[in-house]
Structure formats: C-alpha cells, structure tokens
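To start, the structure itself, in structure tokens.
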Amino acid sequence: MIKSISVIGAGTMGNGIAHVFAQNNFKVTLIDVNAAQLEIALSTIATNLDRQIARGTVTQEQKQSALANISTATDIIAGVRNAELVVEAATEDLDTKIKIFKLLDIAAPAGCIFATNTSSISITKIASVTKRPELVIGMHFMNPVPVMKLVEIINGYSTTKEVSDLIVELSKQLGKIPCVVNDYPGFIANRILTPMINEAIYSLYEGVAGVEEIDTIMKLGMAHPMGPLRLADFIGLDVCLSILNILHKGFGNPKYAPCPLLVNMVAAGKLGIKNGEGFYSYTAGAKFPMVNEKFK
Ligand SMILES: NC(=O)c1ccc[n+]([C@@H]2O[C@H](COP(=O)([O-])OP(=O)(O)OC[C@H]3O[C@@H](n4cnc5c(N)ncnc54)[C@H](O)[C@@H]3O)[C@@H](O)[C@H]2O)c1
C-alpha cells in the first residue's frame, strides 16, 4: 500500500496534486527548484483548504492534518529518498522532464513508481531514459486539481498492468474518477479538446463568426461550461499551440496544423488570461472577460 509520495514541481498543478494526496492521508514531499514557489504553494494549499472549510467539505482538524502531511524540499535527491510514488508536475518541457527522470532513476528507491502529469509529452519517451520503463505511467490530473474529478491515466508502451491497476486504485482513493488510455500524441483529453479549440480559432480567422458568437454557440448549443476561445485563453495560447504542434508532428496529419491566427497571437505575446490579453481582454480581472477590441 503506497503511503509516501513525492511531487516534483510546486506550480499550478503540483500544489493541487500535493493538496489532494495530503488531504487523503498520504505523506507528501513537495519539491521545487524554486524555494519561493514552495512558500507560495503552501499558502495556496492553505487558502484552498479554507475554501473547502467554508463550503463544509473539510473540517478545521482535517485542514491541519493535511498541512501536517506536507513537507518541502528544493533538492530532488533528498526529496525522493523514501518515495514509493513520484508524481512529476514540473514545467512542460521535454529536456526538463528527461533531466528529472534520469535523476529520479538514480535517487529514488528500486520499485518506486514514476508518474508524470504531462499534458502532451510521450510517456514512452520519458520512460525510455530510465531503467524501469515498466514502472513509468502518465497520471494526468485536471486543473484545478482539488475540484476536477478526472484523472487520465496513460499507459506507456512498457507500463505493466499491475502498475496501471495500482494507479487506478490510488486515484479512486483520492476521490477521483480514473480513465485509462494508451500513449499516443495528446492522449485522449488533448487530442479531442485542442483540435476543437483550433477549429474555433479557424472559424474566427475565416470570418465565419465573432468571438462572442462562437463561444455562445458552444456554451448554449453543446452545454459546454465555457466557450472554446475563452477556454483557450484560460489554458494559455502558448500551451494550446505547443500541444497542436505535438499532435501535428506526432501524427504527421495536416488536420492538426495550428491556425495561423493562433501562431501570430503567440508570436505577439498575447497568451490569454496569464498576461491579460487573448481572444478576450482581462483588464477588469480574469473573471470579467471582454471581447478583445481587435476582434470586434
Ligand atoms: N496548468 C494546467 O492547466 C495543466 C493541466 C494538466 C496538466 N498540466 C501539466 O502539469 C505540468 C506542470 O504544469 P503547471 O501548469 O503546474 O506548470 P507551472 O509552470 O505552474 O509549474 C511548474 C513548476 O515546476 C518547477 N520546476 C521546473 N523545473 C524543475 C525541476 N528540475 N525540479 C523541480 N521543479 C522544477 C518550476 O519552478 C515551477 O514551479 C506540466 O507538465 C503541464 O503540462 C498542466
């Protein structure tokens, strides 16, 4: 029975992953190269637990016990020494992940399972830099982690059924709903979502409809909680572009080619909510999008 988890990367996803494990009585070591980020992550987790208390889903005692379950480290070697499972949630960059997994393979105990939260990088490629590819798996949590129920579990080419079954059980222990898929570009979530976003951007680019019309049609007609252009701003236009490039290269199929408007917006540094301007502008805050003047 796994009890000791190390989470690598204390950014948006890493703090949420540490939160859900700690809340469910696992011992968590949260690791980041950036000490300031670890402080921010701990305070974000405390604030998010307070929100759960306000909603009545967590008690004050459970909050204290969750926070007591988390320790931090800036050094991977020290931070994974006793890990039974490592969940990697560092920056989405192949070289960064390869360096981390090579180091993990040396520093973590034999038998320790390595999961990655990557949105799009090949699990098989990451596994290939370790001497334990059968113990490497994708554990793709959704943002925000404490709220979203899905965990997309991705079996690499060499992942064993035992490891896959164990990660399914573990996800259930976190109160999540796991879905198991195989390792091909974009897995399932991003293979389906990102081309839909790209098609919405093409529709805008070709003048078929405006930003508001496209998003309203998908919200009211398809019951999506958020239209695809607003969702693209939420995810980050650079992230959408990078996933489309992975699909395009991985399948060699022109249907995944990113829309030139998306390419231009990323080149111009218009990345969505994270820097205040995408298909919408967010001068009044992230929750108050106004259609970007450029698209009126
Ligand atoms: N943001 C999302 O909505 C989302 C959703 C699902 C999956 N993901 C995936 O989760 C992973 C993390 O994404 P994020 O949005 O949390 O990124 P982020 O930029 O918010 O955080 C990444 C963290 O990793 C740290 N880091 C970088 N190199 C490191 C190293 N060598 N050792 C330790 N820490 C290191 C950085 O300091 C940073 O704090 C990515 O693989 C991403 O594709 C993101």
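What follows is calculated from the coordinates using simple rules that are stated; it is not laboratory data. In this text the structure is predicted, and so the values were computed from the model without any measurement. Note that each Cβ is placed from the backbone with ideal geometry, even for glycine, and that neighbours are counted across all protein chains shown.
A Förster radius of 30 Å combined with the Cβ-Cβ distance from residue 192 to residue 161 puts the calculated FRET efficiency at roughly 0.75. Sorting 230, 51, 81 by the number of Cβ atoms found within 10 Å of their own Cβ, with the fewest placed first, yields 51, 81, 230.
Using a simple spin-label model with pseudo-atoms 7 Å out from Cα toward Cβ, residue 249 and residue 43 lie 3.7 nm apart.
Rounded to the nearest 500, the 222 nm mean residue ellipticity of the chain from helices alone is -13500 deg cm²/dmol, with -39,500 (n - 2.57) taken per DSSP H run of at least 4 residues. On full extension, the segment bounded by residue 220 and residue 199 gains 5.8 nm, given 0.36 nm per residue less the C-alpha separation.
Hydrophobic, long helices, defined as DSSP H runs whose alpha-carbon span along the helix axis is 30 Å or greater and whose mean Kyte-Doolittle value is at least -1.0, occur in the chain at 35-55.
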